[in-house]
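A short worksheet on the structure shown next.
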Amino acid sequence: MSEPLQERIVRAMAELEATQAAVARARADLSEASATVRSSDRAVEVTIGAQGELAGLRFSDNRHQNMTGPQLAASIMEAVQQGRALMARRVIDTFAPLTGPGPEGSVRRGLDLDWNQVFGPALDDGSPGARGRPGRDRLRDEIDEDTD
């Protein structure tokens, strides 16, 4: 015997309210979140905020003084990319339970999110096997594909 329409509506509204509360809690948790990462040469430490913004930059032990400009820039870029990837992963992990289908009998069907499309290159932390390609390869592809 099927559930009466009014009962299904009440259950769906309760699920919607619970989901909205869970999203609000996740947003609140993430609003204060940050990731602090050091470059592999240990010369640079960056702090990345929940939205991928650079929230802090510190030069460790004055190692940067013996670096060329391009070396320092590469260290900064590496640390920022790693921090952005870490924060993107934290956002995904936080919202993943809310994007999947609900429990048995739930009206929630889940969302089909392409996190790569949401975060783009932020998911690529520069490590082997990471998603995406380094920006310089994408730029090279664009130049190679340009027929003008």
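Worth pointing out:
- Some residue of the range 7-27 being closer than 16 Å to Ala122 by Cα, touching a Ser or Thr at 6+ places or on another chain (Cβ under 8 Å) and either surrounded by 11 or more Cβ atoms within 10 Å (Cβ to Cβ) or without any contact (Cβ under 8 Å) to a residue 12 or more places away in the chain (or both): no
- So Gln65, is it modelled with pLDDT under 90 and of a type outside the set (Asp, Glu): no
- When residues of the range 44-88 are limited to those that are surrounded by 13 or more Cβ atoms within 10 Å (Cβ to Cβ) and hydroxyl-bearing (Ser, Thr, Tyr), the one farthest from Gly120 (Cα to Cα): Ser60
The values are calculated or read from the model by the stated rules, or taken from the named source; none is laboratory data. Values in this document were obtained by computation on a predicted structure and should not be read as measured data. Neighbour counts are summed over all protein chains in view; Cβ atoms, including those assigned to glycine, are modelled from backbone coordinates with ideal geometry.
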